[in-house]
Structure formats: C-alpha cells, structure tokens
Amino acid sequence: MRAIALGAGAELDTDAAGRNGIGTALRLGTSSFVRGADHDDERFFDLVCAASPVLHPVNSSVCGVINVTGHLKASHSHVALALKLIVSQIRGELVRATPPRPLRLADAHRRLTAHMPNAVATFDENTLIAEDALTPQLATVNRRELWESLSTLSVTAKEMVLPTGHRVRVVPVTKGTWSHGASAVFDISRANAVDAVGHDGDGGPLTLLEEAERSVIASVLRQSGGNKSDAAERLGLSRGTLYARIRRYRL
C-alpha cells in the first residue's frame with residue numbers, strides 16, 4: 001500500500017476514488033471483494049482488496065472499516081479469511097464492552113426485522129433503535145414520552161398510540177412484560193422506504209424504468225447478502241455492469 005502512495009487522509013469514497021474495497025464496503029454496508037482491474041484506479045490493478053464495515057452491536061452504525069489487501073497473485077482465500085478473522089475479533093470485543101440490556105434490545109430488533117417487511121423501532125427507557133425509514137415519524141418523539149406511553153399499557157395490549165398520534169403494533173422484547181422494552185411496528189414498508197430513491201448518482205431524477213431497475217438490483221443485493229458476484233449472476237449482468245449500476249443508483 002505504501003508503494004502506491006496512500007497516506008493519512010486519503011479519500012476512498014467511491015464518488016471520489018471510484019470502485020475500491022473500502023469505498024464499496026461502505027457504500028453497500030457489507031463486505032466487499034475487489035480484484036485487479038475491477039478497481040477503477042489503475043494503481044490498484046495488481047491488488048486484491050477485501051473490506052468490511054465494523055458495525056456497532058446495538059444500533060448497527062458504522063464504527064469503522066477493516067481492509068485487507070494482498071497482491072493479485074496471492075491466494076484470494078487467505079485475504080478473505082484474514083478479513084473475516086479480524087472483523088470477528090473486533091465485533092467480539094465490541095459485544096463484550098456493551099452492557100447486556102441494550103444487547104438484548106438489539107437482538108430482539110434483529111429477530112423481528114429478519115422476517116418483518118414493515119419498518120420497526122425497538123426501545124426501552126434508555127435506548128431507541130430505529131431504521132432510517134422512520135426518521136420523519138420519530139423526529140419529534142421524546143424517548144421518555146415513548147417509554148411512559150408503553151408503561152401505561154396492559155401486558156396483553158397489541159397496539160399503542162405514539163405521542164405524535166401514530167398508532168403502531170407493539171411486540172414486547174420479553175413475552176409477558178414491557179419492562180425490557182418493546183418493538184413498534186409501523187404501517188410503512190421498509191423495502192419501499194429504502195428502495196424508492198428518486199435520483200441517480202449525479203443527482204438527476206430517475207425515470208420510471210430506472211426506478212424499477214434500481215429496486216430490482218437493491219432487492220437482489222439484499223438476497224445475496226451483498227455478494228456482488230452472486231447478485232450479478234442472478235441478474236444476468238457482468239460484474240463491471242453491476243458495479244456501474246451500483247454507483248449510478250448509489251446502492
């Protein structure tokens with residue numbers, strides 16, 4: 001890496017540096033593996049780069065990114081294994097440093113959203129975990145008021161009214177009690193909220209056909225767990241074409 005003159009403060013966002021391991025991992029929010037000429041910068045053509053964002057164990061915000069780079073002639077499996085081990089160790093340390101109550105909240109949130117198409121917010125007295133799609137609905141909600149509204153419900157309640165007046169379905173973190181918090185399920189489709197981006201990579205409006213293409217690509221990327229080779233094969237596209245679409249649609 002020193003041989004290609006990357007120093008402190010180097011900008012590796014895909015908008016600035018083109019396709020590269022770190023920028024792609026941050027753009028997609030998952031692990032990336034960029035080989036040789038798949039990079040946009042010819043200085044990286046002799047390299048293979050594996051990168052992964054490190055996510056906070058409670059709110060899934062990006063804490064940083066790990067990148068492992070090797071020569072293109074080296075074993076790609078070794079680079080990928082090194083990345084997996086490093087990220088796993090860091091995630092383990094983050095979990096051990098986090099109090100059990102917010103971890104329990106985060107686990108409940110992940111379990112529910114894994115099979116729930118609607119946008120969800122999970123909260124207790126001190127923590128609120130919410131998806132970006134709910135920013136307008138929760139922008140004016142005070143967490144203390146939210147907790148107090150939950151505390152007034154009977155343990156058999158299925159719905160609650162938020163301080164904003166929104167009616168949502170509620171699921172307890174621990175069955176039979178609200179003391180450990182709850183998940184609020186909104187009448188908002190997560191897929192529509194995430195996929196309906198009305199602008200392309202240059203800021204211009206998308207046509208109806210482009211919006212449909214973006215939605216399909218975003219859906220297949222999620223189904224593939226961010227594996228771009230798998231997604232490209234499912235879509236019937238070359239890797240280069242898929243990368244171009246990812247950049248164009250800011251996926």
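Brief remarks on what is shown
- Remark on V141: its backbone amide H falls under 5 Å from none of the residues 5 or more positions apart or on other chains, H modelled at 1.01 Å from N.
- Positive-pole candidate from A10, A231, L242, dipole of the chain, charges at beta carbon: A231
- Label separation (T241 vs A10): 3.2 nm, computed from points 7 Å beyond Cα along the C-beta direction.
- Averaging over all projection directions, the Cα-based convex hull of region 1-123 occupies 9.3 nm² in the image plane.
- Each Lys and Arg Cβ is given +1 and each Asp and Glu Cβ -1; about its Cα centre, the chain then shows a dipole of about 780 debye.
- Within straight-line cross-link reach of K228, lysines at Cα separation under 18 Å, skipping those fewer than 8 residues along the same chain: K84
- The longest stretch of the chain left intact once loop-based trypsin sites (Lys or Arg not before Pro) with at most 15 other Cβ atoms within 10 Å are removed from consideration, loops following DSSP, is 74-157.
- Binning the alpha carbon pair distances of the chain at 5 angstrom intervals from zero yields the distribution 1, 6, 11, 14, 15, 14, 13, 11, 8, 4, 2, 1, 0, expressed in whole percent.
- Lysines whose Cα lies under 16 Å from that of K175, excluding same-chain neighbours fewer than 8 positions away: K158
- Sequence-distant aspartates and glutamates (8 or more away, or on other chains) whose Cα lies within less than 12 Å of K73: D46
- Top positive-direction residue, dipole computed over the chain with Cβ charges, set A74, M160, A218: A74
- Against the criterion of solvent-accessible heavy-atom surface with a 1.4 angstrom probe, E213, E11 sort, most first, into E11, E213.
- Choice from L153, L128, L221 with maximal GNM fluctuation in the chain (Cα, 10 Å cutoff): L153
The values are calculated or read from the model by the stated rules, or taken from the named source; none is laboratory data. Quick caveat: nothing in here was measured; it's all calculated off a predicted structure. Using ideal geometry, Cβ is built from the backbone for each residue, glycine included, and neighbour counts are taken over all protein chains shown. For accessibility, only protein heavy atoms count, side chains too; no ligands or nucleic acids. Shrake-Rupley method; radii C 1.70, N 1.55, O 1.52, S 1.80 Å.
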